[in-house]
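Novice: Take a look at the following structure, please.
The values are calculated or read from the model by the stated rules, or taken from the named source; none is laboratory data. Here the structure is a predicted model, which means the values were calculated and not measured. No Cβ is skipped: glycine too gets one built from the backbone with ideal geometry, and neighbour counts run over all protein chains shown.
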Amino acid sequence: MITCHTKYIIDPAKLNSFEAYTKMLIPIVKRLGGVNVTFLLPYEGPNNVAYELCSFTSLAAYEQFRDTRKTDPDFQGACKFVEKSGCILSYERSFLRPQL
């Protein structure tokens, strides 16, 4: 099991758009093989930072997800929504493994 941890820098004035994006993305990622998908939105502290955690059975499963999403119309629609809204300013991704 690996977990993809994504840190987003978002436009605080467009938090509603980012939240709409997360609601689009969660079922798509689950349908394409992700598990334990969650987004953590700003509540207290910095209002421009959000996080995503999404696990996969292996790095190979994540790579399959990346390939599949390129042609998935729902995923592509979510990406176009983000581009149009401008809610995500930048992001960085890392991969973590559970400590057993």
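Okay, residues lined up against (1) over 18 Å from Asp74 (Cβ atoms); (2) in contact (Cβ under 8 Å) with a residue 60 or more places away in the chain; (3) surrounded by 15 or more Cβ atoms within 10 Å (Cβ to Cβ):
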position: Ser17; (1), (2), (3): no, yes, yes
position: Thr22; (1), (2), (3): no, no, yes
position: Phe39; (1), (2), (3): no, no, yes
position: Pro46; (1), (2), (3): yes, no, no
position: Ala50; (1), (2), (3): yes, no, yes
position: Leu53; (1), (2), (3): yes, no, yes
position: Phe56; (1), (2), (3): yes, no, yes
position: Ala60; (1), (2), (3): yes, no, no
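Novice: For the range 1-59, name all the residues that are touching a helix residue (DSSP H, G or I) at 6+ places or on another chain (Cβ under 8 Å), more than 20 Å from Glu92 (Cβ to Cβ) and in a loop (DSSP other than H, G, I, E, B).
Specialist: Answer for the range 1-59, where residues must be touching a helix residue (DSSP H, G or I) at 6+ places or on another chain (Cβ under 8 Å), more than 20 Å from Glu92 (Cβ to Cβ) and in a loop (DSSP other than H, G, I, E, B): Leu32, Gly33.
Novice: Please go through (1) over 11 Å from the mean Cα position of the chain (by Cα); (2) exposed (fewer than 11 other Cβ atoms within 10 Å of the Cβ) for Glu92 and return the number of the only condition it doesn't satisfy.
Specialist: Every listed condition holds for Glu92 apart from (1).
Novice: Now, a different point. Out of Ala50, Ala13, report the one residue that is modelled with pLDDT of 95 or more, closer than 20 Å to Lys84 by Cβ and out of contact with any strand residue (DSSP E or B) (no Cβ under 9 Å at 6 or more places or on another chain).
Specialist: Within the list Ala50, Ala13, the selection yields Ala13.
Novice: Ok, one more. Could you please find all residues in the range 70-85 being surrounded by 13 or more Cβ atoms within 10 Å (Cβ to Cβ) and in a loop (DSSP other than H, G, I, E, B)?
Specialist: Within the range 70-85, Asp72 is the sole residue that qualifies.
Every residue, every condition in (1) under 17 Å from Cys4 (Cβ atoms); (2) among the hydrophobic types (A, V, I, L, M, F, W, C), yes or no:
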| position | (1), (2) |
| --- | --- |
| Phe39 | yes, yes |
| Gly45 | no, no |
| Phe65 | yes, yes |
| Lys84 | no, no |
| Leu89 | no, yes |
| Leu96 | yes, yes |
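Residue-wise test of (1) closer than 22 Å to Glu19 by Cα; (2) in contact with a Ser or Thr (Cβ under 7 Å, 6 or more places away or on another chain); (3) not aliphatic (A, V, I, L, M).
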{"site": "Val49", "(1), (2), (3)": "yes, no, no"}
{"site": "Ser58", "(1), (2), (3)": "no, no, yes"}
{"site": "Tyr62", "(1), (2), (3)": "no, no, yes"}
{"site": "Asp67", "(1), (2), (3)": "no, no, yes"}
{"site": "Thr71", "(1), (2), (3)": "no, no, yes"}
{"site": "Asp74", "(1), (2), (3)": "yes, no, yes"}
{"site": "Gly86", "(1), (2), (3)": "yes, no, yes"}
{"site": "Leu89", "(1), (2), (3)": "yes, no, no"}
